[in-house]
Structure formats: structure tokens, C-alpha cells
1. Identify the single condition in (1) surrounded by fewer than 20 Cβ atoms within 10 Å (Cβ to Cβ); (2) near the ligand (Cβ under 9 Å from one of its atoms); (3) part of a loop (DSSP other than H, G, I, E, B) that residue 68 does not satisfy, given that it satisfies every other one.
2. Restricting the stretch 131-142 to residues that are within 23 Å of the chain's Cα centre (by Cα) and over 20 Å from residue 43 (Cβ atoms), which is surrounded by the fewest Cβ atoms within 10 Å (Cβ to Cβ)?
3. Do you know which residues across the stretch 315-330 are within 13 Å of the ligand (Cβ to nearest atom) and closer than 25 Å to residue 264 by Cβ?
4. Considering 132, 141, which residue is closer than 21 Å to residue 244 by Cβ and in contact with a strand residue (DSSP E or B) (Cβ under 7 Å, 6 or more places away or on another chain)?
5. Check the stretch 17-25 and report whether any residue there is surrounded by 15 or more Cβ atoms within 10 Å (Cβ to Cβ), in the same structural domain as residue 101 (by TED's automatic domain parsing) and more than 28 Å from residue 324 (Cβ to Cβ).
6. Name the one entry in 63, 101 that is surrounded by 19 or more Cβ atoms within 10 Å (Cβ to Cβ), more than 9 Å from the ligand (Cβ to nearest atom), assigned by TED's automatic domain parsing to the domain that holds residue 11 and over 24 Å from residue 28 (Cβ atoms).
7. Of everything in the stretch 331-345, what is within 11 Å of the ligand (Cβ to nearest atom) and closer than 24 Å to residue 299 by Cα? Give them in sequence order.
Ligand SMILES: Cc1cc2nc3c(=O)[nH]c(=O)nc-3n(C[C@H](O)[C@H](O)[C@H](O)COP(=O)(O)OP(=O)(O)OC[C@H]3O[C@@H](n4cnc5c(N)ncnc54)[C@H](O)[C@@H]3O)c2cc1C
């Protein structure tokens, strides 16, 4: 069949979906490209929602992946505010919530993730918030401004990236902030205790209170208003608003009901895809937050919930759908900004995977690179207020070299020299 007779359907109007559509056209695909998203907004990028946009420093227009007019120019058929409710794999069709049936030759699932909900009494109170969508950020902006004005209290459940970034924003607004976290340090599952503590210190210096080793058990309220947040060790924290920032769950329901192979939640969840981003159905691909990729470099299945993975994974899936030779083996990468600290993290080194942490630079001044090693090999590196080193860090991760830890810790030794 020639390109022009084919229809490629993309489910999910986020970064991965929008970039996949762009790539199909950039690669010269002349068939129909249909992008279906359940949000009413054009595809947008989420990182500003917990940073510049939340702080009112970046305007709404700046978050969109493409200008609204781009879709028509690129002949990408957009169905916004429409949910795909079923896939009929035998018939090669998807069904939308309004009953419309659309035939596909190839299908991309870029359905992303959704915030996990707190399963405790009080979560239905009006002052309990999540942060994933533009509308959530709009609401939270008003909430933080009001808390700042009235000296109000925000309790954040979860000291992960979103919890910490919102904590920083809330302090900038002048709100009182308490973060409740079951682990002993922030970002424990990503950075481990050694480097996680640095973030505890950073936020404590800015007036954030932490309650580690505790879980939220109840949000107490009256007449729909939040009054306090209680934890399993019997403590009660005053609260006017609560943010649940306890992670995100991949949106796999559609794939599951279509009988595609999934990954167990205990193993990170997601739609199982091979290194070409193809699912267990040869005509269906998955990319972005929802895809659990068999990663050639790390030899394990990885589901990466970060911007760069949507940015690069969408295009990689598009090329694979076009029959091009694709091996998706990028080193996982993300960035974060909190107060005056900016960082980039490359690699994959959860606690248990590494046996050594090497710090290069001045951790006290928060200008350093942290390396996580296993048996001398670099698994991950995070540069904090040190720039233009990502490429060298990723090369170290990809290489087989076991750099001398002393040289690795010495900022006067160029990273590139350690590759030899
Ligand atoms: C507040 C916030 C801050 C972040 N900050 C950073 C950061 O600083 N650095 C970083 O690296 N990453 C960050 N991330 C993560 C990054 O934004 C995500 O990894 C990225 O958005 C994933 O893109 P995606 O296209 O895979 O999924 P999504 O962006 O979730 O898009 C998926 C879309 O599909 C829609 N959809 C789902 N199911 C259906 C269906 N059945 N029918 C139709 N539409 C459907 C969803 O509603 C959504 O619009 C942040 C995320 C959030 C929420």
C-alpha cells in the first residue's frame, strides 16, 4: 500500500503524541495523520506547570508544543477533548467516546500517565489538589497566591520531583509548607539517601518543614474545607490545602482492554514495548510515559516518566511505524529547577543498583556532579549548577570504562579525559 492510502492514528495529545505527528510529516509520510487527545488544550509541555508557569513567570502561550495553526498546516487531523475508549485490533479501528470509529493502519499509544490518588479519608475535600494538567496548574497558582497572602499552610504528600518543585514555588509565594514523605529523605527512589539529603537541606534553608518516615492517613476538614493533615505516627499538621504528589500511574486501561502485553505494576507498570517501541501487536506502538521499553543499554525494562523521553520517544516510534530501522536506547535524562538550583540527571541508578557515590565539586555550594557507580562503572550522573557536561556524562555511562574514582572526583580533570 502506498503511504497516501494509509492512516496513522495517535492516541494521546501530549508531547510524545505531538512530536510523533511532527516526525511523520518530517519523514515525508503523505497518508492521514490523526491525533486524538482527551484534553481540550492543544498538546503542551508539562515541566513549566510546576515551575515558571506555576510561578506566573511564563505565559500560557509558551507551553504549547506547536502553534495552534501548525496542525492544519501539517495536515494533522486533531480531535481534541475526545477520549479513545476502545481498540478493535482485528478490525484495526479505534472508537471514540462519542461513538466515532476510526480505522488505522498503524496506531501509536501515547496516553501518558495520571497522578496517583491518596487513598485516605478526606481526599474529596475541595482543598486537595493534584498537578498534571494546565487546569490543575491554573488552580494551584491561585491557591498558592492565596496561601502566600493569608499566611496559609500547604501540606504536600510526597517528596518527589513534583512535590519538591511545588514546595519551592509555594515558598516563593510565601506559603507555609510541610512535606510528608514515608522515605527517610527526598527523592529517595531516584537519588538514594546520599544525595537526597542535599535536597532536604536546600528546602529546609528555604523554610520548608519535612516530616520523613510518615504517611498521610487522613485529611481532616469541615464544610468542605481542609483543616489539617494527619500522619500514621499520630502527628497533625495544620493545612489549608493539600497537594497529593505521590507519583503517577501509566494510563494503560485502553491497552489492557485491547489485550496488549503490559508490565506488572511492581516492575514499574506500562505497556510492554521492544527497543523499536512496538507493542505485542505489530501494528501498535507506544511511546512516552506509558511505554515500558526493553532498554538495550541497561538490559532491563525501563519506563521513563520524563520530558526528554516523550520528546525523543514519540519521534522514534513514528520512524518505526514508517518501517525505519529504530533502536530506542537513549540514556534516560531529566532536569529540574528549584529555587536557584538547576540540575540535569542522566542514567538510571535506583538504590540497590549502585555501590558507590562519587561527588565532583562543591556539594556545600551546590555546584557539583554526583556519580552513581556499580563495580566501578558509571550508571548515572547528576550535574547540579554545573553545565555543558551532559554529553560527557552520557558517554561515560555508555562506555565500559571504569574511571579512577579519585580522577572522577577531581574537577580539574576533564570528564572527557576519563573516557580514554
Ligand atoms: C507538573 C509536571 C512537571 C514536570 N516536570 C518535568 C521536568 O522538570 N523534567 C522532566 O524531565 N519531566 C518533567 N515532567 C514529566 C513530563 O512532563 C512527562 O514525562 C511528559 O509529559 C510525558 O509526555 P507523554 O506525551 O508521554 O504523556 P502526557 O504528557 O501525559 O500526555 C498524554 C496525553 O494523552 C491523553 N490521553 C490519555 N488517554 C487517552 C485516551 N484514551 N484518549 C485520548 N487521550 C488520552 C492524556 O490526557 C494526555 O493529554 C513533569 C510532569 C508534570 C506533570
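The values are calculated or read from the model by the stated rules, or taken from the named source; none is laboratory data. Since this is a predicted model, take the numbers as computed values, not measurements. Backbone-built Cβ (ideal geometry, glycine too); neighbour counts: all protein chains shown.
1. For residue 68, the exception is condition (2).
2. Checked the stretch 131-142; the qualifying residue surrounded by the fewest Cβ atoms within 10 Å (Cβ to Cβ) is 139.
3. Matches in the stretch 315-330: 316, 317, 330.
4. Step by step, each of 132, 141 is checked, and only 132 is closer than 21 Å to residue 244 by Cβ and in contact with a strand residue (DSSP E or B) (Cβ under 7 Å, 6 or more places away or on another chain).
5. Among the residues of the stretch 17-25, not one is surrounded by 15 or more Cβ atoms within 10 Å (Cβ to Cβ), in the same structural domain as residue 101 (by TED's automatic domain parsing) and more than 28 Å from residue 324 (Cβ to Cβ), which makes the answer no.
6. 63
7. 332, 333, 334, 335, 344, 345
The rows are residues; the columns are (1) more than 16 Å from the ligand (Cβ to nearest atom); (2) within 23 Å of the chain's Cα centre (by Cα).
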site	(1), (2)
157	no, yes
175	yes, no
181	yes, yes
198	yes, yes
